[in-house]
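A.B. asks: I have a structure I would like to understand better, so I am pasting it below and will then ask my questions one at a time.
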Amino acid sequence: MGEAAGDRPCVPWGTIAAGALPGRGMKWPGSGPERTSRRWQRGRRGRRWSTVKVDRRPVGATLGILDERPAGTAPGDEELLRERTSAWNAALAQLEEAADVLGLDQGMRDLLATPKRVLTVAVPVRREDGRLEVFEGYRVHHNVTRGPAKGGIRYHPMVSLDEVKALAMWMTWKCAVVGIPFGGAKGGVVVDPATLSMVELERLTRRFAAELLPIIGPEKDIPAPDVNTDDQIMAWFMDTFSVNQGYSVPGVVTGKPLAIGGSEGRGGATSLGVMYSLFMALKERGSQPSEVSVAIQGFGKVGAGVATFLHDAGCNVVAVSDVRGGVYNRRGLNPQALGKHRRATGSSTVATFPGGDRISNEELLALHVDVLIPAALEGVIRADNVDAVQADIIVEGANGPTTPAADKVLDDRGCLVVPDVLANAGGVTVSYFEWVQDIQAYFWSEDEVNHRMRQVMERAYAQVADLAEERRLSMRQAAQVIGVGRVAEAHRTRGLFP
Ligand code: NAD
């Protein structure tokens, strides 16, 4: 399990300075109907940089949530600004932009923008010292038109309903982008798990699972690990559900241990998928993995796995970080040595690794590297720090690490951003394989799992890249258009009850 967040060097979303967003009547830089943009173009010899005219509106403009300050509010009204730059608003802005490209009518937009089901639960836990403490938990089903709801469970002190709704919406598009038959869900408990003993963590998990019983199940909603949750927590979820059913139901969660129906390859699947996405980006650019330097923010399940896979593939991983800070060595870091250091010293951070210079998370984002992989939390690349980002390629291991305002700056600059709904979809793809194996009670080899996942990722990447080129969209816009378009098509095909 990744360590719990204590102090937060990268405060998501809310930290955008009041002056960072244009006020009423002000224009986004370069936001005229036609502006010049440098972007990847595919020619006979693969993709190359070129300058093209792009005709499109700024992200969020049609919702009016990002380009205007609300009437009557003064600059510096942090609370309102936080509200208007939240993960949920970012997800809505991305949806609206895709809906514009797709020409969706208002009814379909409203349908896709509204979560199907939102459950808030109280999770009372008896602490080992006898105290009773109550935590708040959420589970959101954003959309289940293409299949059962699928999404992780997060334990973090900053979990909010707003965040869980956004993460659930992104799951809907992600499953559609890679073409797996799931809808989108997410769940979380507002808790710092580092403050709980193992016994308390199990009590919290079992009670949370029990509160979700009416809405989870292999045909309804299949949770998985996310930030600060792991295979053991999924085992407790599965056991709690199974005890209540009276028989074993392995298909109720994915990311479980192998001993109770987990899949080979699930542990490293998200990281491996991030690597495949990066390799597709490098291939189009005509670069070899051995030629690129990489910085990775987050050294948990996703980040540590990516660091290891990329190092083994010959990339120069020069920096990694976690919630407590990072380490940098321009000659490269050995992820296995980093892991060994954490185990040997009992330290929960990579920042104290002696084989490099200590850096902050902000410094990591600003390193002069070819590839940046945010693999921690959302909202870390924002309007107020995007100018410092120097990487040519960003592959989003985390969900929602780039705010729409920062995304636009990166796009204008010609930075290739492989978006979360594509880049980290290897995890949910192998979760789908795990669910299929559980239902069939027939298990595959790790090679088979990895091979099939790679096929899914490469096909999805190619579809997104082709659409981006054809319609002159960014990779994020193209991925959103594909994801939103497939869900809208499913709605139209099924029709509306009654
Ligand atoms: P994790 O809990 O295993 O690891 C999170 C890492 O991020 C830890 O190293 C932690 O120290 C670091 N971190 C936390 N807060 C930070 C901060 N403010 N600044 C810098 N670092 C910080 O979680 P994970 O499963 O690796 O998930 C990471 C991201 O990847 C999340 O956005 C998650 O939604 C996304 N994701 C995970 C999976 C999966 O299969 N686990 C799949 C798809 C996407």
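The values are calculated or read from the model by the stated rules, or taken from the named source; none is laboratory data. What you see is a predicted model; the values in this text were computed from it and never measured. When we count neighbours, we look across all protein chains shown, and the Cβ atoms used for this are built from the backbone with ideal geometry, even at glycine. Just the protein is used for accessible areas: all its heavy atoms, side chains included, with ligands, DNA and RNA removed. Shrake-Rupley method; radii C 1.70, N 1.55, O 1.52, S 1.80 Å.
A.B. asks: Could you grab me the full set of residues in segment 423-458 that are closer than 16 Å to LYS150 by Cβ, in a helix (DSSP H, G or I) and within 19 Å of the chain's Cα centre (by Cα)?
C.D. replies: Within segment 423-458, GLY426, GLY427, VAL428, THR429, VAL430, SER431, TYR432, MET453, VAL456 meet the criteria.
A.B. asks: Moving to a separate point now. Which residues, taken from segment 293-314, are away from the ligand (no atom under 15 Å from the Cβ) and open to solvent by 10 Å² or more (accessible area, probe 1.4 Å)?
C.D. replies: Those that are away from the ligand (no atom under 15 Å from the Cβ) and open to solvent by 10 Å² or more (accessible area, probe 1.4 Å): SER293, HIS311, ASP312, ALA313, GLY314.
A.B. asks: Of the residues that sit in segment 223-251 and are in a loop (DSSP other than H, G, I, E, B), in contact (Cβ under 8 Å) with a residue 40 or more places away in the chain and not β-branched (Val, Ile, Thr), which one is nearest to CYS175 (Cα to Cα)?
C.D. replies: Checked segment 223-251; the qualifying residue nearest to CYS175 (Cα to Cα) is ASP226.
A.B. asks: For segment 349-422, give me every one of the strands (runs of 3 or more DSSP E) that falls completely inside it and has 1 or more residues that are open to solvent by less than 10 Å² (accessible area, probe 1.4 Å).
C.D. replies: Once the strands (runs of 3 or more DSSP E) in segment 349-422 are filtered for at least 1 residues that are open to solvent by less than 10 Å² (accessible area, probe 1.4 Å), what remains is 371-374, 393-395, 416-418.
A.B. asks: Please verify whether ILE180 is hydrophobic (A, V, I, L, M, F, W, C), touching a helix residue (DSSP H, G or I) at 6+ places or on another chain (Cβ under 6 Å) and in a loop (DSSP other than H, G, I, E, B), treating the condition exactly as stated.
C.D. replies: In short, yes.
A.B. asks: So in segment 332-346, with the set limited to residues that are in a loop (DSSP other than H, G, I, E, B) and open to solvent by 30 Å² or more (accessible area, probe 1.4 Å), which one is farthest from the ligand (Cβ to nearest atom)?
C.D. replies: It comes out as ASN334.
A.B. asks: To continue, here is another question. Do the conditions hold for TRP435, that is, is it within 22 Å of PRO250 (Cβ to Cβ), surrounded by fewer than 23 Cβ atoms within 10 Å (Cβ to Cβ), touching a residue at least 60 places away in the same chain (Cβ under 8 Å) and hydrophobic (A, V, I, L, M, F, W, C)?
C.D. replies: no
A.B. asks: Any residue at all in segment 128-137 that is crowded, with 21+ Cβ neighbours inside 10 Å and of a type in the set (Asp, Glu)?
C.D. replies: Looking through segment 128-137, none of the residues is crowded, with 21+ Cβ neighbours inside 10 Å and of a type in the set (Asp, Glu).
A.B. asks: Also: Which of the residues that make up segment 316-331 are without any contact (Cβ under 8 Å) to a residue 60 or more places away in the chain and open to solvent by 10 Å² or more (accessible area, probe 1.4 Å)?
C.D. replies: Selection gives ASN316, TYR328, ASN329, ARG330, ARG331.
A.B. asks: Residues of segment 124-155 being among the hydroxyl-bearing types (Ser, Thr, Tyr) and within 16 Å of the ligand (Cβ to nearest atom), which ones?
C.D. replies: TYR138, TYR155
A.B. asks: Out of the residues in segment 410-433 that are charged (D, E, K, R) and more than 13 Å from the ligand (Cβ to nearest atom), which is farthest from ARG285 (Cα to Cα)?
C.D. replies: Across segment 410-433, the extreme among qualifying residues is ASP412.
A.B. asks: So if I check each of LEU119, LEU112, which one is aliphatic (A, V, I, L, M), touching a strand residue (DSSP E or B) at 6+ places or on another chain (Cβ under 9 Å) and not in a strand (DSSP E or B)?
C.D. replies: Just one listed residue meets the conditions, LEU112.
A.B. asks: Let me ask you something else. Does any residue in segment 138-149 that is surrounded by 20 or more Cβ atoms within 10 Å (Cβ to Cβ) come within less than 7 Å, Cβ to Cβ, of a residue that is hydroxyl-bearing (Ser, Thr, Tyr) six or more places away or on a different chain, and which pairs are these?
C.D. replies: Pairs that qualify, where the first residue is surrounded by 20 or more Cβ atoms within 10 Å (Cβ to Cβ) and the partner is hydroxyl-bearing (Ser, Thr, Tyr), are TYR138/THR120; HIS142/THR172; ASN143/THR172.
A.B. asks: Right, next: Quick one: what pairs do we get from segment 280-303, first residue more than 30 Å from ILE153 (Cβ to Cβ) and at pLDDT below 95, second within 10 Å of the ligand (Cβ to nearest atom) and open to solvent by 30 Å² or more (accessible area, probe 1.4 Å), C-beta under 6 Å, 6+ apart or different chains?
C.D. replies: Once the first residue is more than 30 Å from ILE153 (Cβ to Cβ) and at pLDDT below 95 and sits in segment 280-303, no partner that is within 10 Å of the ligand (Cβ to nearest atom) and open to solvent by 30 Å² or more (accessible area, probe 1.4 Å) comes close enough.
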